[in-house]
Amino acid sequence: METISPRLRFKSFNDNWSTPKIAELVSHGILDKPMDGNHGEIHPKSSDYVESGIPFIMANNVIDGEIDFIRSSKITKEQAGGLRKGFSYSGDVLLTHKGTVGNTAIVPDGVPDYIMLTPQVTYYRVLDCKKLHNKYLRYCFESPNFKKALNIAASSGTRPYVGITEQAQIKIQITDINEQQKIADFLSSVDNKINLLKEKHALLTQYKKGVMQKLFKQEIRFKGGYSNAFPDWQETSFDKVFERVTRKNKEDNQNVLTISAQRGLINQEKYFNKSVSAKNVTGYCLLEKGEFAYNKSYSKGYPMGAIKRLNNYDKGVVSTLYICFKTHGEQYDEFWEQYFEAGNLNREINKIAQEGARNHGLLNVSVTEFFQDIKVQMPSKKEQEKIAEFLGALDEKINAVNEQVKLTETFKKGLLQQMFV
């Protein structure tokens, strides 16, 4: 059996690591025979699911090292009792192997009785805790070499899939149980930091959403100088605040943009890793920095389509399917950017979108009705500035925490590359 020594190790550990196949750990009684939830003809259907019961875990429920029990489907104990396999208990290491390949998690303590697995997930159960630590095994599954082996095994079909037989032939790296414990504890502490940062990010995001609702419903109002109240907001038509941009791309600008929920208007090739635009983009609309584009295509979080402001580039072009516009008069653009992001136009757009007339994911929205029939609530410019500055400061905090998450995840990735060969 091949032996190896990783680049990064804890002090006092010098012995080489062994690299057995998973099948060898099973044959030596260190691991139980891995099992998935391949239930054959009696596999539960969506019509069998209940509101509360035994969690029925699919690949998309195993994410970021944890099991999403809230969104998982549920089956009754009676239904689970009629299945032959797929019973997984606290301490089992889960590995997704179908559709989404390579996600891992450990079934936590406190799970009532057991959980059930679908054919998309394999469980690994440690039998000899003196030779193998379950948390260490999970990090083995996250190591670059194991991921690479999984991807190679999964690449032969049209849909990613690595059966248990193929998994059994993959090698993992085994060291002394004390070193395993050290590695598992250290990487667990890094995961805990990542989870705390993600929780902080989620709380800040939720706080901002709540504040936005109150601000745009005018339940919270800012005051001007000397505690004077700002004027009442005015309801006005969209075309009184914005004018359409129909500027053609006569300069043949090649910075083709698309709308991303998280990143706003972004270069298409960066977003898709390929160009999906027409070869000739001179007929596209040329946007300048600070102008807005409305994508009539509905997506997650944007049931009536998304409106984004061009912030990342001086210029860019978008398809003529987008409705482009800019402010005119006494307006503060950053306020309107927040106004749109809060979904304040959804109800208005819903009024003018023809019911049932969605074509290839596009809402049937008339440009004329968009500008003339949509109403907006407009505060004074000074109050617009106050609101935008307050929400912008929250965005900076949210973005800073998100950056911390990315840096810590990158740090963990580097550790996995050095602690496992």
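The values are calculated or read from the model by the stated rules, or taken from the named source; none is laboratory data. Please read these numbers as outputs of a predicted model, since none were measured by experiment. Note that each Cβ is placed from the backbone with ideal geometry, even for glycine, and that neighbours are counted across all protein chains shown. The protein model used for the area step is the full one, side chains on, heavy atoms only, and it has no ligands, DNA or RNA in it. Shrake-Rupley method; radii C 1.70, N 1.55, O 1.52, S 1.80 Å.
Numerical summary
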item	result
Checking GLN181 against (1) closer than 29 Å to ALA23 by Cα; (2) out of contact with any Phe, Trp or Tyr (no Cβ under 9 Å at 6 or more places or on another chain); (3) assigned to a helix (DSSP H, G or I), the condition it does not meet	(2)
Search result, residues across region 118-134 that are at pLDDT 95 or above and either more than 17 Å from ASP32 (Cβ to Cβ) or open to solvent by less than 10 Å² (accessible area, probe 1.4 Å) (or both)	VAL121, THR122, TYR124, LEU132
Conditions (1) touching a residue at least 60 places away in the same chain (Cβ under 8 Å); (2) exposed (fewer than 15 other Cβ atoms within 10 Å of the Cβ); number of the one not met by MET212	(2)
All positions within region 37-91 that are of a type in the set (Val, Ile, Thr), closer than 16 Å to ASP113 by Cβ and more than 23 Å from the chain's Cα centre (by Cα)	VAL50, ILE54, ILE75, THR76
Single match in LEU203, LEU196, LEU137 (criterion: of a type in the set (A, V, I, L, M, F, W, C) and in contact (Cβ under 8 Å) with a residue 40 or more places away in the chain)	LEU137
Residues of region 183-223 classified as in contact with a helix residue (DSSP H, G or I) (Cβ under 9 Å, 6 or more places away or on another chain) and more than 19 Å from GLN377 (Cα to Cα), total	18
Flag for ASN273 being among the polar types (S, T, N, Q), modelled with pLDDT of 90 or more and either open to solvent by less than 10 Å² (accessible area, probe 1.4 Å) or over 29 Å from ARG347 (Cβ atoms) (or both)	no
Residue ID - farthest from GLU385 (Cα to Cα), chosen from residues in region 322-354 that are out of contact with any Asp or Glu (no Cβ under 9 Å at 6 or more places or on another chain) and open to solvent by 60 Å² or more (accessible area, probe 1.4 Å)	GLN354
Tally, over region 292-320, of residues that are open to solvent by less than 70 Å² (accessible area, probe 1.4 Å) and more than 30 Å from GLN206 (Cβ to Cβ)	5
Residues satisfying the stated conditions in region 15-62, i.e. surrounded by 17 or more Cβ atoms within 10 Å (Cβ to Cβ) and of a type in the set (Lys, Arg)	none
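To keep it simple, each residue is scored yes or no on (1) outside any helix (DSSP H, G or I); (2) modelled with pLDDT under 95; (3) on the phi > 0 side of the Ramachandran plot.
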{"site": "VAL376", "(1), (2), (3)": "yes, no, no"}
{"site": "ASP395", "(1), (2), (3)": "no, no, no"}
{"site": "THR408", "(1), (2), (3)": "no, no, no"}
{"site": "PHE411", "(1), (2), (3)": "no, no, no"}
{"site": "LEU415", "(1), (2), (3)": "no, no, no"}
{"site": "VAL421", "(1), (2), (3)": "yes, yes, no"}
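Yes or no, residue by residue, for (1) part of a strand (DSSP E or B); (2) under 28 Å from GLU330 (Cα atoms); (3) open to solvent by 30 Å² or more (accessible area, probe 1.4 Å); (4) of a type in the set (Asp, Glu):
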| position | (1), (2), (3), (4) |
| --- | --- |
| PHE186 | no, no, yes, no |
| LEU196 | no, no, yes, no |
| PRO231 | no, yes, yes, no |
| GLY290 | no, yes, no, no |
